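The values are calculated or read from the model by the stated rules, or taken from the named source; none is laboratory data. All values reported here derive from a predicted model rather than from experimental measurement. All Cβ positions, even for glycine, are placed from backbone atoms using ideal geometry, and neighbour counts span all protein chains on display.
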Amino acid sequence: MEIKKIKKVSTVILAICIAYVGYAQTEKFDRTGTIRAQGNLASGYLFNQKEFGAYIVANVDVYVAPKVSIMGEGWYGFNLHNDQTGIRGNHAVFAGINYHFIRHKNWDPYIGFSPGVGMVVAGYADSMALRQSKLMVGPLLSLDAGCNWYIGAIFNIFINLRFVSGQVMGEPPTATRLEELKLSAGLGWNFRAWKRKKGQKWWEP
């Protein structure tokens, strides 16, 4: 049931983003030079362990062209479960590129590709006892989709859905799989760092 609910939520989020792709094409707006940032609590679902996780996530997005931005993101995970085996600590950093479908003053749906690095601590059983690994590091691949709603020159409301795939190798006898669906949403910050058009209002993002 949990996976079905996640799929339904994911479908709704993607449908909302796609619905705005064709919206207000005549009201083009150049967001080049805007820096957008956020830090908040987020959640994730690890498919291999069939468990939810909680995170603190921080993100910076820099718009380098009317429809292109580069991003960096960090996730710090909390262990919410009493299981002595499996993932005990799950952290990650990502860096990549986002493509923004439309150039509307407020709505900003996008998709992105961002490889990253996973940093994991896992519990495992050997012939003697239950053990906990040292920090293990491995590569990640990530695709995401989301939408920002800009409220003037300072604030934005955002939602982002990210699928992560990868694994880490280390002390446990088998690879630790990291397929996960991550969801973050909340209030972000933004400001225009450069390339403000002549006549553009200071409160426009």
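Could you grab me the full set of residues in region 39-57 that are of a type in the set (A, V, I, L, M) and either in contact (Cβ under 8 Å) with a residue 60 or more places away in the chain or farther than 14 Å from residue 88 by Cα (or both)?
If the condition is that a residue be of a type in the set (A, V, I, L, M) and either in contact (Cβ under 8 Å) with a residue 60 or more places away in the chain or farther than 14 Å from residue 88 by Cα (or both), then 41, 42, 46, 56, 57 are the ones that fit.
Given the options 93, 120, name the one that is over 16 Å from the mean Cα position of the chain (by Cα), part of a strand (DSSP E or B) and either at pLDDT 90 or above or not acidic (Asp, Glu) (or both). Can you show your working first?
On the way: 93 fails: over 16 Å from the mean Cα position of the chain (by Cα).
Only one candidate qualifies: 120.
For region 46-66, which positions are assigned to a strand (DSSP E or B) and either more than 12 Å from residue 80 (Cβ to Cβ) or in contact with a His (Cβ under 7 Å, 6 or more places away or on another chain) (or both)? Let's see the steps before the verdict.
Keep residues of region 46-66 that are assigned to a strand (DSSP E or B), which gives 46, 51-65.
Passing the criteria: 51, 56, 57, 58, 59, 60, 61, 62, 63, 64, 65.
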Revision key, fill the gap. Only unsatisfied item for residue 162, checking (1) surrounded by 14 or more Cβ atoms within 10 Å (Cβ to Cβ); (2) farther than 20 Å from residue 117 by Cβ, is (2)
**Study point:** Residue pairs meeting the criteria (Cβ under 7 Å; at least 6 apart or on separate chains; first surrounded by 15 or more Cβ atoms within 10 Å (Cβ to Cβ), in region 116-136; second of a type in the set (Val, Ile, Thr) and modelled with pLDDT under 75)
**Key:** 123/85; 124/85
Review point. Is there a residue in region 143-150 that is modelled with pLDDT of 95 or more, part of a loop (DSSP other than H, G, I, E, B), closer than 23 Å to residue 57 by Cβ and of a type outside the set (Phe, Trp, Tyr)?
Key: no
